[in-house]
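Since the structure comes first, as structure tokens, the remarks are kept for the end.
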Amino acid sequence: MANSPPDLQAAEIGEAVSRRRNFAIISHPDAGKTTLTEKLLLYGGAIQQAGAVKARGEQRRVTSDWMEIEKQRGISITSTVLQFDYQGNTINLLDTPGHQDFSEDTYRTLAAADNAVMLEDAAKGLEPQTRKLFEVCRMRQIPIFTFINKMDRPGREPLELLDEIEKELDLVPWAVNWPIGSGENFRGVIDRRSRQVTLFERAERGRQASEQQLSADDPALRELVEHDLLDTALEELELLEGAGAELDLELVHAGELTPVFFGSAMTNFGVRPFLDAFLELAQKPIARQSIDGLIDPLRPEFSGFVFKLQANMDTRHRDRVAFVRVCSGKFEKDMTVQHARSGRAIRLSRPQKLFGQDRMVVDEAYPGDVIGLNNPGMFAIGDTLYIGQKVEYEGIPCFSPEIFAWLRNPNPSAFKNFRKGVNELREEGAVQILYDTDQSKRDPILAAVGQLQLEVVQHRLENEYGVPTRLEPLGFAVARWVSGGWSELEKVGRIFNCKTVRDAWDRPVLLFKNNWNLNQLNEDHPDLELASVAPVVSGSEPISL
Ligand code: G4P
């Protein structure tokens, strides 16, 4: 590309951006994320056989879940990126861990996503993990597409499900299709804009359901569907029309209106129409915020940021991979880029595309894509890479941990490995590390969103670094960063029912046993500004153990 004239380059990047969509799925465990992912990939031709992604049981091969502990427990812990082509477009699915203990990893992945798909189980509606993840999307104003799954099983009333989204999330739902019946009586969906009915037939698991279509006003439909079910669906549809909301793309892209789809991932019903509408309505790679303002994806020079690090993805390789979201320009293999934090030039000679455990060398990538870079320890989460004039993207914040424990290393002779493991796992963002203010207490405090996150750290320290460790729980449940730093904290004097610790950037963090103690401090010192999400740190090195 270095040799092509500038307007040709701009046209090439513009064309690539217009053909790209990227998204992450947010859901509560068991809503059907793995199943939906698998079906989406099937349409993209990315996997030949349904079941290839599924992470249950030994006999099935796992594509998106690959870590040992994931296999043991049958859950999805880390995020991978799946890319597939559909109707001449390139879709990047940023896969997120399903287990709630790993929501921190999901938060970071959402920082790299331009759209989110909110997956609900029709019988359950909104669930805790979905709500939490939704809040992160709201913070970033990510467009949300809602897929209400498991319509082949008895579920809640569709109108009630929409109402819940509107009331609880303050998000206007706009049903793109409407179900006829549910559970045993599920007969299909009516597309609201075309009034085409797609009939539901129970397909064999994993097979693509036949999708017979006819108009909602076709008399032949009444031969095929019970009148009462059809009439109810049509009446409800009229009710929705009467409510008056319009499918306003601007509101969708502002994250204020969510297109809603009903379907059944397992029986592969409604997945293709969902994908078609998603292509039409989703946000293309957008301008991203840097510390000096928005950077347009059409900026001709490459830039991107690291949103995730992963060590030892493949124990045969014992390597580390930094995942970079491309934000502008064209990325090319063997490019030399600037690393904003260190000011160093780096040649990116072995960029990879990852698909579960399989890797391919990437020759080029465009805004909205994700590439994996071998990380010899120089990348940290939030780092910017760029060419040309300096760009520094806003970093990714640390989210409030809820579980805290001392991490003890009972074997002093293993300290070197212990230190290496703790530092690498922190850099990777597997866990947050806090330190006692008393410098003589050198053991790190692990701070996590969920208990399983701590277990994974212990498991990985033992298996990947050869260091068995001991956890000693600290009885705290709430963390707050002191926005004004140490000087503000000193003004307040002694605080009761609270422990002060330092984070990896030597900033004061207060730990409380419960919200009651936190509220007490807020009442006693209303001027002390506290934050539940740590401000982003750009351009400085964290403390190592
Ligand atoms: P997750 O990744 O969100 O945790 O969910 P996953 O896809 O693993 O699905 C959770 C369970 O829900 C699975 O059943 C799956 O087969 C089922 N499921 C997903 N989509 C649908 C759907 O549209 N209809 C129905 N009826 N079920 C659905 P399981 O019994 O836990 O696992 P398995 O026996 O299928 O392996």
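Could you list, ordered by first residue, the pairs with Cβ atoms under 8 Å in which the first is in segment 220-245 and assigned by TED's automatic domain parsing to the domain that holds Pro158 and at positive phi and the second is loosely packed, with under 13 Cβ neighbours inside 10 Å and in a loop (DSSP other than H, G, I, E, B), at least 6 apart or interchain?
none
Just for helices (runs of 4 or more DSSP H) wholly inside segment 207-282: which have at least 1 residues that are under 30 Å from Glu135 (Cα atoms) and more than 16 Å from the ligand (Cβ to nearest atom)?
Per the criteria, 227-243, 249-253, 271-281.
Being closer than 26 Å to Ile286 by Cα and either assigned by TED's automatic domain parsing to the domain that holds Leu229 or without any contact (Cβ under 8 Å) to a residue 60 or more places away in the chain (or both) narrows it down to one of Pro128, Pro158, Pro173, Pro154, so name that one.
The match here is Pro173.
Give all pairs with beta carbons closer than 8 Å in which a residue from segment 23-37 that is aromatic (Phe, Trp, Tyr) meets a residue that is in a loop (DSSP other than H, G, I, E, B) and more than 8 Å from the ligand (Cβ to nearest atom); count only pairs at least 6 apart in sequence or on separate chains.
Once the first residue is aromatic (Phe, Trp, Tyr) and sits in segment 23-37, its partners that are in a loop (DSSP other than H, G, I, E, B) and more than 8 Å from the ligand (Cβ to nearest atom) give Phe23/Ala113; Phe23/Asp114; Phe23/Ala282.
Would you be able to tell me the number of residues in segment 126-141 that are crowded, with 20+ Cβ neighbours inside 10 Å and either at pLDDT 95 or above or of a type in the set (Phe, Trp, Tyr) (or both)?
1
Can you find even one residue in segment 150-157 that is within 15 Å of the ligand (Cβ to nearest atom) and at pLDDT below 90?
No; the residues of segment 150-157 include none that is within 15 Å of the ligand (Cβ to nearest atom) and at pLDDT below 90.
Any residue in segment 348-359 that is within 25 Å of the chain's Cα centre (by Cα) and modelled with pLDDT of 90 or more?
No - not one qualifying residue is present in segment 348-359.
Return only the number of the condition from (1) surrounded by fewer than 21 Cβ atoms within 10 Å (Cβ to Cβ); (2) at pLDDT below 90; (3) away from the ligand (no atom under 13 Å from the Cβ) that Arg73 does not satisfy.
Unmet for Arg73, out of (1) surrounded by fewer than 21 Cβ atoms within 10 Å (Cβ to Cβ); (2) at pLDDT below 90; (3) away from the ligand (no atom under 13 Å from the Cβ): (3).
Kindly indicate whether Asp292 is surrounded by fewer than 22 Cβ atoms within 10 Å (Cβ to Cβ) and assigned by TED's automatic domain parsing to the domain that holds Met378.
Taking the combined requirement at face value, the residue satisfies it.
Looking at this structure, is Arg138 touching a residue at least 24 places away in the same chain (Cβ under 8 Å), under 19 Å from Glu250 (Cα atoms) and not acidic (Asp, Glu)?
yes
The values are calculated or read from the model by the stated rules, or taken from the named source; none is laboratory data. For clarity, every value in this text was computed on a predicted model and none was experimentally measured. A quick note on method: Cβ atoms are made from the backbone with ideal geometry, for glycine too, and the neighbour counts reach across all protein chains shown.
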